[in-house]
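S.K.: Pasting a structure here, questions to come.
The values are calculated or read from the model by the stated rules, or taken from the named source; none is laboratory data. Here the structure is a predicted model, which means the values were calculated and not measured. No Cβ is skipped: glycine too gets one built from the backbone with ideal geometry, and neighbour counts run over all protein chains shown.
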Amino acid sequence: MSARTKLFKLKKPYDNGESDALFLKAMQENCAFQYENCSEYRKILDTKGFSPKDLKEYKDLEHLPFLPTLYFKHHAVFSMPQRRMLIKATSSGTSGQKSRMGYNFMSLYRGLRMILTLGKHHRLFSLKPVHYLILGYEPNKANKTVISKTSYGFTYFAPALSRDYALRYTKDGYKLDLDNLKEKLIKFSRQKHPVRTAGFPAYTYFLLKRMKEEGVRVTLPKGSVLTLGGGWKQFYAERVEKKEFYALANEVLGIEESNIIEFFGAAEHLVLYVDCKCHHFHVPVYSRVLIRDVDTLKPVPDGEIGLINLMTPEVDSVPILSIMTDDLGRLHREKCPCGVDAPWLEIIGRVGIRDIVTCAAGADKLLAGGDGK
Amino acid sequence: MILMHGEVIDSNVEQKYLEGLYEECAKTLVVKESISTECVIAACDQLYRAAMRGEYDEIALPLLQMANLTYERFLGLARLFSREELEYKCKTELGDWYGALPALKNGTVRKRYPLGVLFHIAAGNVDGLPAYSVIEGLLAGNVNILKLPTGDNGLSVRLLSELIRFEPKLKDYIYVFDVPSAETETLRVFAELADAVVVWGGDEAVAAARQLAGVNTKIIPWGHKLSFAYVTKRADEEALYGLARHICETNQVLCSSCQGIFLDTEDRETQERFGERFFELLKRANAELGKADIGMRGKNTLRLYTDSLEASDGRRILQEDGVSVVIQEDSELALSYLFRNVWIKRMPRQEIVERLKRHKGHLQTCGLLCGFEEKAELAALLGTAGVVRITGSEMSRMIPGEAHDGTYPLREYSRIVEID
């Protein structure tokens, strides 16, 4: 069995120290595979003067050239014939450009093992049937985003009684329909089966806010869970503090903070980050995080803010073993009261989004939002 | 939010506000109490004095802090509203006889009239600019309908309400509507009843305005512009450092901000040496002024790193402390990555007109750094190419009486009527 697959079969998802050697071995394998099978990747490593053989020690991982997610938005790069890819997907393309990804069987198998282990650890599985409310896209052939696939996958953690979506597919494309979800929440609160919600934090927040404004208060059945994932996207300006969010959920839906779970992941990094009961994203064994200086791209000490570099040997079909997100964050190594020793990642936000508007010609296209002069 | 007839209404735009708007505007234009330039100037002057007394500090200070501007700069901007500056502006733009034009030699009387109704589609990059656009419309005697930019912070409505407080006659000349750009039906109502659409924004905004307005409606675009520096080997160190400071101070987000530098040379080696020299100056200015926002630096670092993986066009990137200089092979005028990222390209003076003229309508300021004897020749070439403002290293300076993108707004907002 390859070290890659072994890594994803580990039973303890947050035992990072123990898994360092295996992680390195899996990265060596993946790096050699990409170098051999992806000409674009090989060229980049050659240009940067790096050979897969240079990955000798764990510490060498920081020298492995990383590919920015921006690169995947400009280039579709694959390390396998496309027919071997069972699933093809894109990122959600908040900034208008999408990464094109494809995943082969073994990569997906590893992902599945990971989800089973994490789901067990975080007690996401339940045999009790539930109603699902997805604050995201209704599945459709035309929608190839990873987020629509993962939120659909989410509805298999517990048997589904029903599925409702905030973004419903109509003949004119996707339409936001929060009222339907509101009605369903009211209806389900009077029944005995738990409710699970999943999806974009922004839509969840808009829904809760609207219910509060309309004076709607319900208490969802015991065992109901609110999950969030996919980031704030274009609603970054509306972002609220987590505490405020939890208070609102409690007020409107009667959900306890411990029943609110947040996920983090990316189309270019298929490792699932699940927050602990203290709402920290501990780095699971399948992944490593390096925070890099915004000017020099050198790793910064724990606790300092920088660009988030994510590594995982999970996927064979695309060279995404070390990717640079366009998010700022920092890594914490302080002891977490939840008892997990693995460091945790704090995501601070997208680079370049600031409340600025500009008038230099065309700059409005470069920077998110704003109609400038 | 809506401001009409001097009242602020906290509501969305509804049909009832739009009905009869055309008739109201027409009536305003014929009533005996039509406004004079003098009464607008007097009201603005009161506004200016109130600002000097610190009456708007509570709203201005947080905005200044957000935009990283000094209080002195605020007072400088406030001065643009003073009687002295506005009278000078009117004289410069409309001539000494802006009140009453002398007759033609055959005895035909000439009168300057307002266009009538102006519909301003404002932009949000400079706080208070939407209000200033309306004031220019008022100076020429027009009724003004202002569409606020998305995310407006309320400053414009506040300023215009104050103006009406000082001069109640203005209340029927100012309408402000907070309409999203997507509500084209409402915008079309405004465009149809207006004599001209004054649009602040990029090519897309201008194109959208042309779509809204009928062929008999004048479009006055104050659009996105590109600015750059032109440097010869005789440029002195002090001027170059001034340019580096300008780049760091404005973070290149203004129309007049320098995006890059054209060098008067054909030689790559000279270009490389200059790039290295300017990089040092940029680092110095950056150290003195403090680094840019961490998110913007991160964004530029990522873009430059991605470029280094992709580009094979002979570009050389110098990068440190969040500033960067990109030495490039082509001679195209282009937007930089902003936030202290500058391109350096070669453009011998004999190519200026041919290369830059293509960017018609998009050129604004050129910071010309050269020897004294060369200046007239180069300024003539740049002017011919379409540049409308030729400055030293202070490319974003504001001076009383300056034209707006090469033309005078008060003239654009007026008509000459001849009466035999």
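S.K.: Within the range B:125-141, restricting attention to residues that are under 11 Å from the mean Cα position of the chain (by Cα) and of a type outside the set (Gly, Ala, Ser), which residue is nearest to the other protein chains (Cβ to nearest Cβ)?
M.R.: Of all residues in the range B:125-141, those under 11 Å from the mean Cα position of the chain (by Cα) come to B:125-126, B:129-130, B:132-133.
In the following step, the residues that additionally are of a type outside the set (Gly, Ala, Ser) were identified as B:125-126, B:129-130, B:132.
On the way: B:ASN125: 4, B:VAL126: 7, B:LEU129: 7, B:PRO130: 10, B:TYR132: 11 Å.
The qualifying residue nearest to the other protein chains (Cβ to nearest Cβ) is B:ASN125.
S.K.: Does the range A:224-231 contain at least one residue that is touching an Asp or Glu at 6+ places or on another chain (Cβ under 6 Å), part of a strand (DSSP E or B) and of a type outside the set (D, E, K, R)? Break it down into steps so the answer makes sense when it comes.
M.R.: Filtering the range A:224-231 down to residues touching an Asp or Glu at 6+ places or on another chain (Cβ under 6 Å) leaves A:228.
Adding the requirement that they be part of a strand (DSSP E or B) leaves A:228.
Now restrict to residues that are of a type outside the set (D, E, K, R): A:228.
Within the range A:224-231, one or more residues are touching an Asp or Glu at 6+ places or on another chain (Cβ under 6 Å), part of a strand (DSSP E or B) and of a type outside the set (D, E, K, R).
S.K.: Let me ask something additional. Being charged (D, E, K, R), more than 25 Å from the chain's Cα centre (by Cα) and at pLDDT 95 or above, is that true of even one residue in the range A:71-85?
M.R.: Let us first name the residues in the range A:71-85 that are charged (D, E, K, R), namely A:73, A:83-84.
Keeping just the survivors that are more than 25 Å from the chain's Cα centre (by Cα) gives A:83.
Cutting the leftovers down to at pLDDT 95 or above gives us none.
There is no residue in the range A:71-85 that is charged (D, E, K, R), more than 25 Å from the chain's Cα centre (by Cα) and at pLDDT 95 or above.
S.K.: Now for a separate question. Just wondering, is there one or more residues in the range B:81-99 that are touching a residue at least 40 places away in the same chain (Cβ under 8 Å), within 18 Å of B:PRO409 (Cβ to Cβ) and in contact with a strand residue (DSSP E or B) (Cβ under 8 Å, 6 or more places away or on another chain)?
M.R.: Yes, the range B:81-99 has at least one match.
S.K.: Still on this model: Can you work out which of the residues in the range B:71-110 that are outside any loop (DSSP other than H, G, I, E, B) and small (Gly, Ala, Ser) is surrounded by the most Cβ atoms within 10 Å (Cβ to Cβ)? Break it down into steps so the answer makes sense when it comes.
M.R.: Step one: filter the range B:71-110 for residues outside any loop (DSSP other than H, G, I, E, B), giving B:71-79, B:83-94, B:109-110.
From what is left, the residues that are small (Gly, Ala, Ser) are B:76, B:78.
Values: B:GLY76: 12, B:ALA78: 19.
Looking at the filtered set, the residue picked out is B:ALA78.
S.K.: Ok, one more. Out of (1) surrounded by fewer than 17 Cβ atoms within 10 Å (Cβ to Cβ); (2) within 14 Å of chain B (Cβ to nearest Cβ); (3) touching a residue at least 12 places away in the same chain (Cβ under 8 Å), what's the single condition that is false for A:PHE105?
M.R.: The number of the failed condition is (2).
S.K.: For A:SER126, only one of the following conditions fails: (1) more than 24 Å from B:ALA311 (Cβ to Cβ); (2) in a strand (DSSP E or B). What is its number?
M.R.: Of (1) more than 24 Å from B:ALA311 (Cβ to Cβ); (2) in a strand (DSSP E or B), only one is false for A:SER126: (2).
S.K.: Could you say whether any residue in the range B:152-175 is within 14 Å of chain A (Cβ to nearest Cβ), assigned to a loop (DSSP other than H, G, I, E, B) and closer than 19 Å to B:GLU24 by Cβ?
M.R.: no
S.K.: Could you look through the range A:311-345, keep only residues that are more than 14 Å from chain B (Cβ to nearest Cβ) and assigned to a strand (DSSP E or B), and pick out the one that is surrounded by the fewest Cβ atoms within 10 Å (Cβ to Cβ)?
M.R.: Filtering first and then ranking leaves A:HIS332.
S.K.: A follow-up question, please. Mind listing whichever residues of the range B:370-394 are aliphatic (A, V, I, L, M) and more than 19 Å from B:ARG234 (Cβ to Cβ)?
M.R.: Our first condition is that a residue be aliphatic (A, V, I, L, M); within the range B:370-394, this holds for B:376, B:378-382, B:385, B:387-388, B:390.
The answer is B:ALA385, B:VAL387, B:VAL388.
S.K.: Does at least one position in the range B:237-246 carry a residue that is in a loop (DSSP other than H, G, I, E, B), buried (at least 24 other Cβ atoms within 10 Å of the Cβ) and away from chain A (no Cβ under 14 Å)?
M.R.: Just the residues of the range B:237-246 that are in a loop (DSSP other than H, G, I, E, B), to begin with: none.
Among the residues of the range B:237-246, not one is in a loop (DSSP other than H, G, I, E, B), buried (at least 24 other Cβ atoms within 10 Å of the Cβ) and away from chain A (no Cβ under 14 Å), which makes the answer no.
Yes/no per residue for (1) within 14 Å of chain A (Cβ to nearest Cβ); (2) more than 27 Å from B:VAL40 (Cα to Cα); (3) in a strand (DSSP E or B):
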site	(1), (2), (3)
B:ALA182	yes, yes, no
B:ARG188	no, yes, no
B:ALA191	no, no, no
B:TRP200	yes, no, yes
B:ALA207	yes, yes, no
B:GLN211	no, yes, no
B:GLY214	no, yes, no
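S.K.: Of all residues in the range B:309-361, how many are within 11 Å of chain A (Cβ to nearest Cβ), part of a loop (DSSP other than H, G, I, E, B), surrounded by fewer than 20 Cβ atoms within 10 Å (Cβ to Cβ) and not hydrophobic (A, V, I, L, M, F, W, C)?
M.R.: Summing the residues that are within 11 Å of chain A (Cβ to nearest Cβ), part of a loop (DSSP other than H, G, I, E, B), surrounded by fewer than 20 Cβ atoms within 10 Å (Cβ to Cβ) and not hydrophobic (A, V, I, L, M, F, W, C) in the range B:309-361 gives 3.
S.K.: A:HIS282: under 30 Å from A:LEU108 (Cβ atoms) and in contact with a Cys (Cβ under 8 Å, 6 or more places away or on another chain), yes or no? Step through it out loud before you land on a result.
M.R.: Details: under 30 Å from A:LEU108 (Cβ atoms): yes; in contact with a Cys (Cβ under 8 Å, 6 or more places away or on another chain): yes.
Yes; evaluated as a whole, the condition is true for this residue.
S.K.: Taking A:LYS192 as the residue in question, decide whether it is of a type in the set (Lys, Arg) and assigned to a helix (DSSP H, G or I). Talk me through it step by step, then tell me what you get.
M.R.: Numbers: of a type in the set (Lys, Arg): yes; assigned to a helix (DSSP H, G or I): no.
No.
S.K.: Can you name the number of the only condition in (1) assigned by TED's automatic domain parsing to the domain that holds B:LEU115; (2) on the phi < 0 side of the Ramachandran plot that B:GLY151 fails?
M.R.: (2)
S.K.: One residue is enough: does the range B:111-122 have a residue meeting the conditions surrounded by 13 or more Cβ atoms within 10 Å (Cβ to Cβ), under 30 Å from B:LEU187 (Cα atoms), within 14 Å of chain A (Cβ to nearest Cβ) and touching a Cys at 6+ places or on another chain (Cβ under 6 Å)?
M.R.: Scanning the range B:111-122, I find no residue that is surrounded by 13 or more Cβ atoms within 10 Å (Cβ to Cβ), under 30 Å from B:LEU187 (Cα atoms), within 14 Å of chain A (Cβ to nearest Cβ) and touching a Cys at 6+ places or on another chain (Cβ under 6 Å), so the answer is no.
S.K.: Based on what the data block shows, is A:ILE348 at pLDDT 90 or above and either under 16 Å from the mean Cα position of the chain (by Cα) or within 13 Å of chain B (Cβ to nearest Cβ) (or both)? Break it down stepwise before answering.
M.R.: On the way: at pLDDT 90 or above: no; either under 16 Å from the mean Cα position of the chain (by Cα) or within 13 Å of chain B (Cβ to nearest Cβ) (or both): yes.
Criteria not met by A:ILE348.
S.K.: Please find, within the range A:294-308, the residue that is farthest from A:LYS59 (Cα to Cα) out of those that are surrounded by fewer than 23 Cβ atoms within 10 Å (Cβ to Cβ) and touching a residue at least 40 places away in the same chain (Cβ under 8 Å). Let's see the steps before the verdict.
M.R.: The initial filter retains those residues of the range A:294-308 that are surrounded by fewer than 23 Cβ atoms within 10 Å (Cβ to Cβ), namely A:295-305.
Going one step further and asking which of them are touching a residue at least 40 places away in the same chain (Cβ under 8 Å), we end up with A:299, A:302, A:305.
Working: A:PRO299: 11, A:ASP302: 15, A:ILE305: 20 Å.
Among those residues, the one meeting the criterion is A:ILE305.
S.K.: Still on this structure, I have one more. Can you name every residue in the range B:10-48 that is without any contact (Cβ under 8 Å) to a residue 12 or more places away in the chain and surrounded by 15 or more Cβ atoms within 10 Å (Cβ to Cβ)?
M.R.: Across the range B:10-48, there are no qualifying residues.
S.K.: Pairs needed: first member in the range B:350-361, touching a residue at least 40 places away in the same chain (Cβ under 8 Å) and assigned by TED's automatic domain parsing to the domain that holds B:GLU377; second member anywhere, surrounded by 15 or more Cβ atoms within 10 Å (Cβ to Cβ) and among the hydroxyl-bearing types (Ser, Thr, Tyr); C-beta distance under 8 Å; at least 6 residues apart or different chains.
M.R.: Correct list of pairs: B:ILE352/B:TYR230.
S.K.: Here's a follow-up. Condition test on A:ALA166, is it in contact with a strand residue (DSSP E or B) (Cβ under 6 Å, 6 or more places away or on another chain), within 20 Å of A:SER224 (Cα to Cα), of a type outside the set (Val, Ile, Thr) and surrounded by fewer than 17 Cβ atoms within 10 Å (Cβ to Cβ)?
M.R.: Numbers: in contact with a strand residue (DSSP E or B) (Cβ under 6 Å, 6 or more places away or on another chain): yes; within 20 Å of A:SER224 (Cα to Cα): yes; of a type outside the set (Val, Ile, Thr): yes; surrounded by fewer than 17 Cβ atoms within 10 Å (Cβ to Cβ): no.
When the stated conditions are applied, A:ALA166 does not pass them.
S.K.: Here's another thing I want to ask about it. Yes or no: A:LEU307 at positive phi and within 14 Å of chain B (Cβ to nearest Cβ)?
M.R.: Numbers: at positive phi: no; within 14 Å of chain B (Cβ to nearest Cβ): yes.
Judged against the criteria, A:LEU307 is not a match.
S.K.: Name the residue that is surrounded by the most Cβ atoms within 10 Å (Cβ to Cβ), counting only residues in the range B:252-287 that are of a type in the set (Lys, Arg) and in contact (Cβ under 8 Å) with a residue 24 or more places away in the chain. Break it down stepwise before answering.
M.R.: Pass one, the range B:252-287, residues of a type in the set (Lys, Arg): B:268, B:273, B:277, B:283-284.
Now drop any that are not in contact (Cβ under 8 Å) with a residue 24 or more places away in the chain, which leaves B:268, B:277, B:283-284.
Working: B:ARG268: 13, B:ARG277: 13, B:LYS283: 19, B:ARG284: 15.
Among them, the one singled out is B:LYS283.
S.K.: Also, quick follow-up: If we scan the range B:249-271, do we find a residue that is among the small types (Gly, Ala, Ser) and part of a strand (DSSP E or B)?
M.R.: Let us first name the residues in the range B:249-271 that are among the small types (Gly, Ala, Ser), namely B:256-257, B:260.
Then drop every residue that is not part of a strand (DSSP E or B), which leaves B:260.
Yes; the residues of the range B:249-271 include at least one that is among the small types (Gly, Ala, Ser) and part of a strand (DSSP E or B).
S.K.: Continuing with this model, one more query. Which of the residues spanning the range A:131-161 are farther than 23 Å from A:LEU116 by Cα and surrounded by fewer than 16 Cβ atoms within 10 Å (Cβ to Cβ)?
M.R.: Result: A:ASN140, A:LYS141, A:ALA142.
S.K.: Of all residues in the range B:382-420 being loosely packed, with under 15 Cβ neighbours inside 10 Å and aliphatic (A, V, I, L, M), which is farthest from B:GLU87 (Cα to Cα)?
M.R.: For the range B:382-420, the residue satisfying everything is B:ILE419.
S.K.: If you go through the range A:268-304 one residue at a time, how many are away from every other protein chain (no Cβ under 14 Å) and outside any strand (DSSP E or B)?
M.R.: Count: 13.
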